[in-house]
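Q: Below is a structure I'd like to ask you about.
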Amino acid sequence: MFADTKLLPPDPILGLTKLFQDDPRPDKIDLGVGVYRDINGTTPIMKAVAQAEANVTAKQTTKAYTPTDGAPGFGPAILDLIFGKDSETLSAGRAAAVQTPGGCGALRLAGELANSQGAASLTLGEPTWPNHVPLLSAAGLKLNSIPYYDRDANAVDFEAFKAGVSKLGPKDVLLLHGCCHNPTGADLSTEQIDEIATMAAAQGFLPLVDTAYHGFSKDLDADAYMVRKFSADLPEVLITYSCSKNFGLYRERTGALIYVGPNADNALAVKSHATSLARRNYSIPPAHGGAIVAEILSDAALTALWREELSEMAKRVQGNRRLLARTAENFGLHNQLSFIAEQAGMFSLLPLTDDQLRAMRDEHGVYIVGGGRINLCGVNENNVEHLVRSFKNATAP
Ligand code: PLP
Ligand code: TYF
């Protein structure tokens, strides 16, 4: 059966790490995969996570299966975190959460859920995280692309985006990034989110809000604006949530699919379909990461420590944005990279052609994802001048 099977190329983002590791140049810079890194280039375990993990291990008495919706306490804790404890959506019982293997597992399940209930299409802004395409098309959905970002202006092209959204109807799903857009770093403003909410209410399309960087833009409440606004104004919302970045739980594969419905009975009915679809696939999600998150969020001291650590990570990335923009100014790049200081989250797109990207890697050892995406975590005081000099060199006429 497999005798003629051909080797596939590696994942374009994850594969970059191997190329970087194999590069012997001492001044090489890794701006590739979207993993938080500190000033030393390492991705430490958060202190709150290490403490919670010790508590979980000390308290656990069994490895028997968890309930189908995941680690006990995880779903309610994530709902409180994303909606806020005083949320009317929560007090009305309109929201239900199912733990998933990471945000990827949530996206696949969201796609299957929408497909199983008769969704006609799923619309993505262009560009988007490349993995959205295989995850959501494998769920059986027909994907459409509409413009989102203007590469010349280095900003959201809201008029073009709205023109695409205006064509959607009740059987359509629109994927939006909750905050910290991957790969552009350009988020919708609160006013623009309000406009999309008004369009969804009038046209009846279903928003799917992918939230993989909660807490990395402004703070946990401000970063949940889109989720909260849509849930307050619309009868139905799907949310995919990842704990990979904000809890640093990447390899523990911890995330959630959240559904907000018109009432509690409907929320439970749709949740039963989500767990049934999961059962056909991986059955039950891995419990360990979910138990850690539940432990942190049920303990005031651990929650406070985690919030502080998350806010420190977010501030460091924002500081790196300003460092890069400032250094570009000092090198005479006159506003060419100033937009980076205004954007949010781990990523921005450098205005580079494919040839210039190749030159950045081959001639200067600067590793950037195809399309020009950089992870701002990889920028620091020690390498920023090499980065800007390389950019200036690669883009020189
Ligand atoms: N959605 C976006 C936009 C992402 O960048 C990521 C990446 O980590 C995910 C979802 C999935 O995250 P996870 O690693 O938890 O599967
Ligand atoms: O965009 C990124 O870099 C992160 C990590 O197949 C990632 O979201 C990248 C590729 C992939 C899974 C996760």
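Q: Looking at the chain, identify the longest residue range that excludes and avoids all chymotrypsin sites (Phe, Trp or Tyr not before Pro) in DSSP loops having at most 12 other Cβ atoms within 10 Å. The partial results should precede the final answer.
A: Details: sites that count: F2, Y65.
The longest such stretch corresponds to 66-397.
Q: Take the Cα radius of gyration of the chain and divide it by 2.2 N^0.38 Å, with N its residue count; two decimals is plenty.
A: Working: Rg = 21.2 Å, N = 397, 2.2 N^0.38 = 21.4 Å.
Its radius of gyration relative to the 2.2 N^0.38 Å reference: 0.99.
Q: Within the accessible area of the chain, what % is carbon and sulfur when the probe is 1.4 Å and the other protein chains stay in place? Present the calculation step by step, with values, prior to reporting the outcome.
A: Working: 9570 of 17760 Å².
Ligands and nucleic acids excluded, carbon and sulfur give 54 percent.
Q: Also, quick follow-up: Lys/Arg Cβ at +1, Asp/Glu Cβ at -1, dipole of region 271-397 taken about the Cα centre: which of I292, W306, N281 is farthest positive-ward?
A: Going by the Cα projections, it comes out as N281.
Q: With viscosity set to 0.890 mPa s and temperature to 25 °C, compute the Stokes-Einstein D of region 136-246, Rh being the Kirkwood radius across alpha carbon pairs; µm²/s, no decimals.
A: D, rounded to a whole number, is 169 µm²/s.
Q: Now, a different point. Would you compute, for the Cα atoms of region 65-298, the largest minus smallest coordinate along each principal axis and list the three values in descending order, in whole Å?
A: 49, 36, 34
Q: Report the full-extension gain for the segment A232 to E381: residue separation times 0.36 nm, less the Cα-Cα distance, to one decimal in nm. The partial results should precede the final answer.
A: Details: separation 149, 0.36 × 149 = 53.64 nm, distance 4.31 nm.
Working it through step by step, the gained length comes to 49.3 nm.
Q: Could you give the accessible area per residue of region 208-289, probe 1.4 Å, as a whole number in Å²?
A: Accessible area per residue: 37 Å².
Q: How large is log10 I(q)/I(0) at q = 0.15, 0.19, 0.30, 0.32 Å⁻¹ when the Debye formula is applied to the Cα atoms of region 89-141, each weighted equally and without solvent?
A: Reported log10 I(q)/I(0), two decimals: -0.49, -0.72, -1.14, -1.19.
Q: Over the chain, calculate the relative contact order: mean separation of alpha carbon pairs under 8 Å at least 6 apart, over the residue count, as a percent.
A: Computed over the chain, the figure is 25 percent.
Q: Probe 1.4 Å, all protein chains in place: accessible area of E363 in Å², nearest 10?
A: 130 Å²
Q: Please give the contour-minus-distance gain from K167 to H273: 0.36 nm per residue of separation, less the Cα-Cα distance, rounded to one decimal in nm. Kindly include the intermediate steps, with their values, before the conclusion.
A: Working: separation 106, 0.36 × 106 = 38.16 nm, distance 2.84 nm.
Net length gain for the segment: 35.3 nm.
Q: Which of the residue pairs K63/K245; K315/K392; K142/K245; K6/K63; K18/K85 have a Cα-Cα distance greater than 31 Å in the structure shown? Mind dumping the intermediate values first?
A: Numbers: K63/K245 26 Å; K315/K392 27 Å; K142/K245 29 Å; K6/K63 39 Å; K18/K85 43 Å.
Table pairs above 31 Å Cα-Cα are K6/K63; K18/K85.
Q: Pick out which of L352, L109, L19 has the largest mean-square fluctuation in a Gaussian network model of the chain, springs linking Cα atoms closer than 10 Å.
A: Most flexible of the set in this elastic network: L19.
Q: I would also like to ask the following. Do the sum for the chain: with -39,500 (n - 2.57) for every DSSP H run of n ≥ 4, divided by all residues, what is the mean residue ellipticity at 222 nm, to the nearest 500 deg cm²/dmol? Mind dumping the intermediate values first?
A: Working: 15 runs with 172 residues, N = 397.
Helix-only estimate at 222 nm: -13500 deg cm²/dmol.
Q: Any idea how far the Cα center of region 26-45 sits from the one of region 113-170, in Å?
A: 30 Å
Q: Further question on the same structure: So what is the relative contact order of region 65-298, in percent, for Cα pairs below 8 Å that sit 6 or more residues apart?
A: Values: 469 pairs, mean separation 71.9, N = 234.
RCO, region 65-298: 31 percent.
Q: Expressed as a whole number of Å, what is the distance separating the alpha-carbon centroids of region 310-324 and region 347-387?
A: Answer, in whole Å: 18.
Q: Right, here's the next one. I'd like the accessible area for S338: 1.4 Å probe, protein heavy atoms, all chains in place, Å² to the nearest 10.
A: Answer for S338: close to 40 Å² accessible.
Q: Now for a separate question. Binning every alpha carbon pair distance of region 296-365 at 5 Å from zero, what are the percents per bin?
A: Calculated P(r), rounded to whole percents: 3, 15, 15, 16, 17, 10, 8, 6, 6, 4, 0.
Q: If the viscosity is 1.002 mPa s and the temperature 20 °C, what translational diffusion coefficient in µm²/s does Stokes-Einstein give for region 147-194 when Rh comes from Kirkwood over Cα pairs? Walk me through the numbers on the way to the answer.
A: Numbers: Rh = 11.6 Å.
Translational D for this selection: 185 µm²/s.
Q: What share of Cα pairs, in percent, lie more than 20 angstrom apart in region 209-310?
A: On the way: 2467 of 5151 pairs.
Of the Cα pairs, 48 percent sit more than 20 Å apart.
Q: Here's another thing I want to ask about it. In whole percent, what relative contact order does region 1-151 give with Cα contacts below 8 Å and a gap of six or more residues? Display every interim value, and only then the final one.
A: Working: 100 pairs, mean separation 20.1, N = 151.
Across region 1-151, relative contact order equals 13 percent.
Q: Next question. Please work out how much accessible surface T198 shows to a 1.4 Å probe, ignoring ligands, DNA and RNA, in Å² rounded to 10.
A: Rounded to the nearest 10, that gives 90 Å².
Q: Taking every pair of Cα atoms in region 228-385, average 1/r, invert it to obtain the Kirkwood radius, and report Rg/Rh to two decimals. Each step should come with its number before you reach the end.
A: Numbers: Rg = 20.9 Å, Rh = 19.3 Å.
Here Rg/Rh amounts to 1.08.
The values are calculated or read from the model by the stated rules, or taken from the named source; none is laboratory data. Worth saying up front: this structure is predicted, and the values here are computed from it rather than measured. Glycine gets a Cβ as well: all are built from the backbone with ideal geometry, and neighbour counts include every protein chain shown. Just so you know, the surface numbers come from the protein's heavy atoms only, side chains and all, with ligands and any DNA or RNA stripped out. Shrake-Rupley method; radii C 1.70, N 1.55, O 1.52, S 1.80 Å.
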